[in-house]
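What follows is one structure encoded as structure tokens, with my remarks underneath.
Quick note: the coordinates plus some simple rules give every number you see, no bench work behind them. Remember, predicted model here, so these are calculated numbers, not experimental data. Here the Cβ positions follow ideal geometry from the backbone for every residue, glycine too, while neighbour counts run over all protein chains shown.
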Amino acid sequence: MSSVAFESVRKTFGKTTALKDVDLLVRDGEFMVLLGPSGCGKTTLLRCLAGLERIDGGTVRIGDRDVSDLPPRDRHIAMVFQSYAVFPHMKVYDNIAFGLRMRNKPKAEVERRVKEGAALLQLEPYLDRYPAQLSGGQRQRVAVARAIVTDAPVLLMDEPLSNLDALLRLHARAELKRLHAEVKRTTVYVTHDQIEALSMGDRIAVMREGEIVQLDTPSALYDRPADVFVGSFIGSPPMNFLKARARNGTAVGDAFEVQGPPGMDGKEMLLGIRPENIRIGEGPFRGRVLVVEPLGSHALLTVMVGNESIKVVAPADTTVRADEELRLAPEPHKIRWMDAASGKALTAPH
């Protein structure tokens with residue numbers, strides 16, 4: 001068993017509480033992503049799992065073992081850092097072999113595992129090179145290979161792609177996803193990039209101010225955010241939110257009126273709708289186009305609806321122009337309702 005469990009884990013730095021009684025179960029073989037903005041506690045949670053930070057309360061388990069007080073070397077984990085952390089004076093072969101040699105593995109086993117890891121990460125042509133002779137993407141693959149050859153049941157990754165350019169990140173995401181499908185190692189992956197999280201995670205734990213605000217599959221998080229923060233953080237562009245008040249079964253806002261959720265009369269609400277779920281044409285939203293951005297595969301419109309601006313994804317060949325008045329139709333089954341005061345979903349995500 002290589003599941004990971006955080007049970008009421010708390011961590012403080014002076015007067016600052018970095019983790020507030022966090023509970024999280026990472027299933028055996030799962031690719032779990034910790035996602036959130038800078039300072040939300042995601043890296044601190046990963047470091048508590050690795051043993052690089054001591055927790056101030058709660059329990060950390062790997063499988064059936066309580067590892068809360070164990071040093072990193074006894075936790076049977078492997079870690080890939082943001083900065084690669086490859087040894088510049090060692091060739092690729094020796095970098096990958098380093099952890100195995102530290103564990104005094106037999107020479108034949110070291111050679112077999114290094115070759116297997118290099119094959120998995122497509123590094124065979126580079127085994128005799130030094131890191132300075134490699135690209136950033138190749139160096140990152142060396143760091144990943146060094147981690148996976150150790151056979152540690154839990155693999156931790158702390159923003160491993162953030163130093164790569166956009167094209168390399170796209171390629172590296174696909175490689176890491178393929179790698180996980182092959183080795184099925186329990187993986188905890190930290191990122192602030194919601195595209196990385198959506199494309200790679202089996203489940204995503206969205207964190208904010210030391211707490212997990214929603215834990216779900218990528219599709220559920222995107223389609224049914226638990227609150228305004230999740231809807232605003234996930235998606236590019238993010239979910240639109242418009243103020244409305246429930247009245248006689250309808251939701252009335254500035255420049256629109258739509259059917260509202262049942263039993264909410266008099267309540268102040270927010271109507272949430274994704275930009276791609278709004279159609280140009282006869283509909284309840286009355287708007288004026290501020291900006292039209294051609295983006296190749298589609299156009300992105302910024303539209304004023306009453307006193308609030310929203311984003312709308314339109315076909316690439318749209319004839320809409322700035323300052324044009326138009327009507328918009330949100331897809332009714334894609335509307336999500338939030339409480340205006342708390343920002344929380346009025347119907348629980350499922």
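Numbers at a glance
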| read-out | value |
| --- | --- |
| Simple label model, 7 Å out from Cα along Cβ direction - ARG103 to VAL252, nm | 6.8 |
| Cα-based reach from LYS243 at 26 Å (exclusive), listing lysines while leaving out same-chain residues under 8 positions away | LYS267, LYS311, LYS334, LYS344 |
| For a label point 7 Å along the Cα-to-beta-carbon line of ASP56, residues of the range 200-219 with backbone N under 18 Å | 208-212 |
| Rounded tilt (10° steps) of 136-148 against the dominant C-alpha axis of the chain | 60 |
| ³J(HN,Hα) computed for each position of the range 264-275 - Karplus, 6.51 cos²θ - 1.76 cosθ + 1.60, integer Hz, glycine/proline x | 10, 3, x, 7, 7, 9, 10, 8, x, 8, 6, x |
| Residues THR191, THR150 arranged by fewest to most Cβ contacts within 10 Å | THR150, THR191 |
| Read-out P(r) over Cα pairs in 20 Å bins from 0, in percent, derived from the coordinates shown; its label in (1) 24, 41, 22, 12, 1; (2) 27, 46, 24, 3; (3) 25, 44, 23, 7, 1 | (2) |
| Nitroxide proxy distance, nm - points 7 Å out along Cα→Cβ at ALA316 and HIS89 | 5.3 |
| Cα gyration tensor shape for the range 261-336, rounded if a/c is under 1.5, else prolate or oblate | prolate |
| In Hz, Karplus ³J(HN,Hα) per residue of the range 296-302 (6.51, -1.76, 1.60; θ = phi - 60°; x = Gly, Pro) | x, 6, 7, 10, 10, 9, 10 |
| Trypsin sites (Lys or Arg not before Pro) restricted to the range 129-194 and DSSP loop, no more than 16 other C-beta within 10 Å | ARG129, LYS184 |
| Residues with amide H under 5 Å from that of ARG247, placed H, sequence gap 5 or more | VAL252, GLY266 |
| Residue order, fewest to most beta carbons within 10 Å, for LEU45, LEU242 | LEU242, LEU45 |
| Under the Karplus curve 6.51 cos²θ - 1.76 cosθ + 1.60, θ = phi - 60°, whole-Hz ³J(HN,Hα) for the range 110-127, x wherever Gly or Pro sits | 4, 4, 5, 5, 4, 5, 5, x, 5, 5, 5, 9, 6, 10, 3, x, 10, 4 |
| Calculated [θ] (222 nm, deg cm²/dmol) that DSSP helices of n ≥ 4 give over the chain, each run adding -39,500 (n - 2.57) | -7000 deg cm²/dmol |
| Least to most buried among ILE195, ILE234, ILE204 (fewest other Cβ within 10 Å first) | ILE195, ILE234, ILE204 |
| Computed lengthening from LEU25 to SER8, 0.36 nm per intervening residue step minus Cα-Cα distance | 5.0 nm |
| Distance between modelled label sites at ASP151 and ASP202, nm, 7 Å Cα→Cβ extension | 2.1 |
| Long-range HN-HN contacts of SER68 with modeled amide H, under 5 Å | VAL60 |
| Long-range HN-HN contacts of ASP56 with modeled amide H, under 5 Å | ARG10, LYS11, THR12 |
